[in-house]
Structure formats: C-alpha cells, structure tokens
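Below: the structure, in structure tokens.
The numbers here are math on the coordinates, done by the rules we state, and not lab data. The structure presented is a predicted model; accordingly, all values stated were derived computationally and were not measured. We place every Cβ from the backbone using ideal geometry, glycine too, and count neighbours over all the protein chains shown.
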Amino acid sequence: MAEPLRVIPVLAAGLSLIPGLLMIRGRGLANPAVASILATMLAIASVNAGGALMMSGYGAHLFALGQGLLAATLLFFAVTFGRVEKTSALIRWSPGIALIASALLFSVLVSLPDGPVVIADGRFEPGPGGALYQTAVALALIVSLVQMEGTFRAFSGIVRKEISSLALGMGAFGALYALLSLQLAVFGSAGRLSIAATSACAAAAAARIAISLSSGGLSTLEISVSRPGLGKSLVLLLVAVCIPAALLVFWTAGDRAGDYFTSFIALAALSAAVILHGQTRMKDSGWLAAFGRKRHDYKERWLEATEKISSRTDPAGVKTVLSEMVLATLGASNVFVWLYDQGQGCFFSTSSKLEQRFRRIPRSHRLVEHMLAAGAPFYLSDCKPVDDDIGTDGPESLSLSTGAVICAPLSAGRELIGFLTAGEEAGGRPYSRNDLDLLRAVTAQAAVQIKNLRLSQDLLEVREADAFSRMSSFVMHDLKNFTNSLALLSHNARSNMASPEFQKEAVKAIDLTVARMKTLIEKMAGGGGQMSVETRPGDLRPVLERALERLPSWAAERISMDTDGACTLCSMDADAVETVFFNILANACDAIKAGGEIGVSFQSDEDSVMVRISDTGSGIPKSLLEKGLFRPFTTTKKNGFGVGLYHCKAVMEAHGGHIEVESEEGAGTVFTLRFPLHANERLASSAC
C-alpha cells in the first residue's frame, strides 16, 4: 500500500510550486508578502517530498527541515500580508518570532544527529527533542492562523472575495501541518495514512490557489489592518477543541489511533470545503432553483418591475413600486429610498422610520461619493470608515441605524437621481450576484422613469411660468385701467369738487378701485420672472418684528422668540425679507388656528445666520412635500394663489441663501432660512 500512497505527497509537492511561480510572475520579490508566499510554497514542497521519501524508509531530515521552514515562512507571511506598515509589524512580533525560532533551533541541536523526526518500525516518531520541535512548529502555525484570520476579517466585499482563495489556501496549509505536528507531539507517532491524508488536502489547497492566481486575482497586497481580536478568533476556538479531543483519543485508543484522528479531521475539512464551494457556485449560477428554497425568475421579475414602474406618473409612485419590488423579490428586511431634491440641494427621504438626521443626505456625503465611483449596487461594508467619519453621520452610522447592508444608486446616465438601501435578507441568506444584477437593472429603470417624470414636470413648470407671465400682463392691463380711472376722477374733481353728488360717487369709485387693487396685490405677492434684490447691511431681528406686527392680534400670544445670543447681522433686502417672514408666519398662523404654538429662533455660525420658524400645527401633507412645496401654484388653501412659498424661495436664492422645510402631518412644520455671510460680516458675527 506504500507505493500508491507515495504518489499523493509527490503530487502535492509538484502542485505547491505552481502558486509560487504564478505569484512572482509580474510582481517580483520586492514585496515581502510575495517573497514569503514563494518561500512557503518551497517549504510545502520540501515537507511533501520528505513525506514521500519517508514512505520508502528515508528522508526524515528533509521532512523535518520542511516543517521548520514552513513554520518560519508562514509566520512571516501572516505578519506581513495585508499590512501597509510591514516593518513595524515585524518589529512588534519580533519577540514572539525569536522565541519560536529559539525553540526550533534548540530542539534541532538536541536531536542531532538523528533529527527531530525518525523512522521506526515503518512509522514516523519524534527523535530526541522532537516533541519540543513539533510543539514549536504547531505553535508557530497556530499563531500564523490567528494572524491570517484577523487579516481576512479586516477585508470586506470585493477585496475579500479577491484574496479569499490565497488567504484560505495559506490558512489550510497552516491548519493541516499544525494538525500533523500536534499528532506527532501528542500521540508520539504518525503513519503513512496521516502523511497521505495531509498531502491530499495540501494538494487541493495548492490547486485552488493556482487557479485563482492564473485568473488574474489578487491585484493588491497592501491594505491597512488592525490587530485581530483574540477573543473572537475561530482558530483558537478550534485549537481549544482539537487538543483536548486528541488527548482523549490518545488516552482511550492509544497512539495508533492518531492516524485515523488526523486523517478524519483533514479529509472532513476537505469535504466540507468542497461542498460549501459547490453550493456557493450553484447559488450564484441559479442551479438550485429546483431544490430547497424557491427561487425567483429574474427575467420575469425584471419585466414585471419595468411594467409597474413605467405605469407610474409621479416620482413618489415610482419610489413606492421600487420599494415593494425589492422587498418582495429580494426578501429584504427593510428598504429606504432617497431622491434628490433640487430645491433643498440634498437627497431627501420622507420615511418616518428614519432618524431625522438621516432623512437628508447632502451631495458632499462620502456615501454619495462612493456611489458615484461604484455606479452599481455595493455592500455598505465596502465603504470603509475614515477618520473624518468618527462621531459623524457617516455610512457606518447609517448602516447601524437602518440595518442596511447594501446600497444601490439610482443613476440615469451620469446623473445620480437618488439611492436605495436594503437590509439583510429576511432568511439570513447573503445576496447573490444575480440579486445584485437584478437590483441594478430595477434601480436603473426607476431612475430613468423618475428623470423623465421630472423633465415633464420641468416642462410643465415652464408652461406654468409662461401662463403666469401672461396672467401678469393681464393684471398689468387691469392696473393700467384702474390708473386711468383714477386719473379721470382726479381730473373731474378739479371742476366738480363742490358737488355733494360728485363727492359721494367719487368716494364710492375710489373705494371700489382700492379694493380691486388690494385683491390684485395680494394675488401678485410672489411675482414672476427673475427675482432681484438690493442688499444692505442690517439686523434680521427688527425685520422679523415688523412682520409679526402684521399678524392677527391673537397670534402674538402664541409666538415665542429665542435669539440664544446669536448674531443676526447680515446683508439683505429688508422689504423682501419681511415679505418672506410674513408669508411663513401667516402660514403658521393658519396651521395653528385649531390649537398650537409658533416658535422663532436665531442661530449663527462662521458662514451664515439661520432663522428657524416652527409650529405645532397640522403639518404639510406628505404628497405635497414629495410633489415640491416651493413650486408655483402649489397650495392647500381653497382661495390660495400658490405663489407665497415660491416667492420666499426666489427671495432666499436671490440673497445667495436657501430655504428648507421639515414637516410631518399632525406634528407640525419647521422652516429654516439660511442667510450667507460675506467676509466683513463674518468679522461682525465673531464680535457679536
């Protein structure tokens, strides 16, 4: 039986050289990790060559030499792989490496001239000092496995998938020969079966690494990695189980059972790896559609999504369909959608399930930058946190708050219309490549539909503005007629002023004309066309107070003001800003007629002065927020003209500032007006 078994380590020795040659192809040996991989493969080849020779009665020295080299090279690889600061990592681990190296060297010197491994009665046993040697080898390999596990955990997403074959393959080498060394140290002997089983698994690991490298994987070897957490190490858990199990087998079944113990564990691990790999490949390819969990037809789902999305006539409807499709098709635990709001200059979500801080995502957010770079669905774990994200509402905080694991941009061409996040699959199954491809197709369809709808809305707004302009012409014509009437009345008054009858008719005509002009003025408050303002340095507080004086008397009792020591000086057109304050306050009064309060507060920073006007009234309908509150002719009032807030937005934009609104039906509304500060105003603000 020795002859057939000898073929296995010979095959493993040959296969182990291939990954080393592929690794240095086009990379050279300048990178320490690459050099250590090549040295590790040479050590694996030495161990397997020595194992093949030992089956013929000699070669124990080569086998032991390969073990020592493997312990040193794999530890060097584990310490440097994935580390940008390789030198500092080696320095940090130098005491441990020196200790293990000393143990290996001491045990070799003690075992001379026989060597750490000897052949006795057809079996392989530790020589003098061999038990210490095998223990040191096993310890070095276990430390290497812990380090590689920590490195692998630090990677994520595409990068983890890219290096998985190399990391898991190198980890398999360490685990296999650590197990063989433990057998020699605990059981005191090993047979041909142990050598053959270990070599068979090593050959499979080498072949897997070679296939991965030949397909062009592993484009990078330098990524910053923090120290692994020993408390969460799966390797240490398995070692803690394996060693007591080996001792128990030794005490109950004797040293001869060591071959079966090692062979069983090695071959069981190989079988599990093959099964898991096969299942992953079949899941990604959709081959499991007829087995177990019912799979969906991606083509059918995409056609269904296209039909439903295309039938929607407003962005809110598209967003609803998109959310329902992702929830139903992918089985996501939750879905949130943000759409870009041109008026507020950010990505906006109306979901009340989101924390307030995540309902607005600015274009400068790092998640948006990652979406623009990726252009396709990605795992949020791929968006690595940076120092600037610490203590902020970055991607990691968003993921923790919402439970989201993937993010999909809604892109139409090069324009980012919005984005979607989805939580993990309800059954715990990771999303497959087909799931992400379907998500990409559906979000692209939704983005195109939303863009087309918005273009239609923009065209409608142009037509509305044109109608507004024509209406303004009609109003100007009426005003001209009123002016002519008053001019005629003034002319007649010169000769008929003494007539009581004329006086009566004149007063009546003036009252009627004034009433009609007031109606026109109220309707035209908001104007049309390009807004122009004449700004002068001033204080926002008295402007606000003048607006408050124009409100109904009952409103004063329900208004509270808080300046909080904020500076309220800026450049502005006082009359225009007063109109903005009055429009918003008048709307707040309408909202709290049934009960509620109005609050006004000032805040300032080095760049701007902010005025917040809040009320606890009825709130703004969600449908109106999604449609666009600042569009002309948008109103909930029966007799409203729908230009007040449009006028407010135009005034704020003319000042270089902007207006934001937050509202929930039944909970109230908050308007935030931001007035920018220029250089000289910043100095005045700092002096306040």
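Applying 1/(1 + (r/R0)^6) with R0 = 22 Å to the Cβ-Cβ distance of Arg414 and Thr313 gives a FRET efficiency near 0.30.
Within region 336-379, list the residues whose amide N lies under 13 Å from a label point set 7 Å along Cα→Cβ of Val670. Under 13 Å, as judged by backbone N against the label point of Val670, lie 355-360 of region 336-379. Cross-link pairs exceeding 21 Å between alpha carbons, from the set Lys319/Lys649; Lys353/Lys649; Lys319/Lys627; Lys518/Lys622: Lys319/Lys649; Lys353/Lys649; Lys518/Lys622. Put a plus charge on the Cβ of each Lys and Arg, a minus charge on the Cβ of each Asp and Glu, and nothing anywhere else: the dipole of region 298-458 about its Cα centre is then about 320 debye.
Full extension of the chain segment joining Val7 with Arg153 gains 49.0 nm, where the gain is 0.36 nm per residue of separation less the Cα-Cα distance. Alpha carbon centre of region 571-633 versus region 113-152: separation in Å? Value for the Cα centre distance between the two parts: 76 Å.
Report the calculated FRET efficiency for Ala374 and Ser352 (r = Cβ-Cβ distance, R0 = 30 Å), to the nearest 0.05. Calculated value: 0.55.
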